[in-house]
Structures are given as structure tokens and as C-alpha cells.
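To start, the structure under review is shown below, and the notes come after it.
The values are calculated or read from the model by the stated rules, or taken from the named source; none is laboratory data. In this text the structure is predicted, and so the values were computed from the model without any measurement. Every residue, glycine as well, gets a Cβ built from its backbone with ideal geometry; the counts of neighbours run over all protein chains shown.
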Amino acid sequence: MLGRNTAWNLFGQVLPAIAAVFTVPILIRGLGTERFGVLTLIWLVVGYFSIFDLGLGRALTQLLAERLGHDDHRSIPALVWTALGLMGCLGVLGTAVALLESCRQLLAVNSRGS
């Protein structure tokens, strides 16, 4: 069982990397290097802000699997809605922090230019 699960996890990590080897050159040709660079920066920012998940996605997956394993279907909606609410609040908080920092940086650049 452990070996099979390990193989599935490895497969889930390796398959996207193999797909990227074939699709990234197509994206670069289609978008051009400048636009692909912007897309890469967007991917970077999205990946960076995934830190704010704080493990809620994995915790929810574990709790859901545990509840389903015990055939406890009644508590699942409350778990899902609570996790969605927490993730939504964290997303709003992260967006507010990014917006405030962006405004601060913009004001700093504008005050140096004057």
C-alpha cells in the first residue's frame, strides 16, 4: 500500500514536469519571450502567495478522508465551508497586504522622481 501510494505521489510530481518540457516551448513560440516572461512572473507571484494557504488545503483533505473513512458524511459540509471561509479571509488579507505594499512602493518611486 505504501509503495503504491508513493508511486502515485511520484507520478503526480513527475507528470507535470514532463508535460512542461513539451508545452513550455510551444508557449514561448506562441507568446514570445517577453510575454512568456510576464506569465512566468505571474506564476511566481501565485506560487509565492500560496504560502498563505497555511496548510489548510492539506488539513482539509486529511479531515475529509478521515470522516469519509468513518462514514461520517454529516460533518463534511461544515468542514468544507469553514475551510473555504478561512481560505477566503486569508486571500482577502493577502490581497490587501499586496495592494498596500504596491501603493507604498508606487508612492516611494513617485516621490523620488519629483
Point to revise | Matching residues, segment 55-71, being part of a helix (DSSP H, G or I), closer than 21 Å to Val45 by Cβ and of a type in the set (Gly, Ala, Ser) | key: Gly57
Check your understanding: Do we have Asp53 as acidic (Asp, Glu) and closer than 30 Å to Val24 by Cβ here?
Key -> yes
Exercise for review: List the number of the failed condition for Leu27; all other conditions in (1) surrounded by 12 or more Cβ atoms within 10 Å (Cβ to Cβ); (2) on the phi > 0 side of the Ramachandran plot hold.
Suggested key: (2)
Point to revise | Residue that is nearest to Val46 (Cα to Cα) [pool: residues in segment 72-104 that are in a loop (DSSP other than H, G, I, E, B) and either in contact with a Leu (Cβ under 9 Å, 6 or more places away or on another chain) or not acidic (Asp, Glu) (or both)] | key: Ser75
Exercise for review: Check segment 40-59 and report whether any residue there is surrounded by 10 or more Cβ atoms within 10 Å (Cβ to Cβ), over 30 Å from Glu101 (Cβ atoms) and at pLDDT 85 or above.
Suggested key: no
Review point. What single numbered condition from (1) surrounded by 11 or more Cβ atoms within 10 Å (Cβ to Cβ); (2) farther than 30 Å from Leu27 by Cβ; (3) out of contact with any helix residue (DSSP H, G or I) (no Cβ under 7 Å at 6 or more places or on another chain) fails to hold for His73?
Key: (1)
**Study point:** Where a residue in segment 70-98 is under 16 Å from Leu56 (Cβ atoms) and its partner, wherever it lies, is among the aliphatic types (A, V, I, L, M) and assigned to a loop (DSSP other than H, G, I, E, B), with Cβ under 7 Å and at least six apart
**Key:** Leu90/Leu54
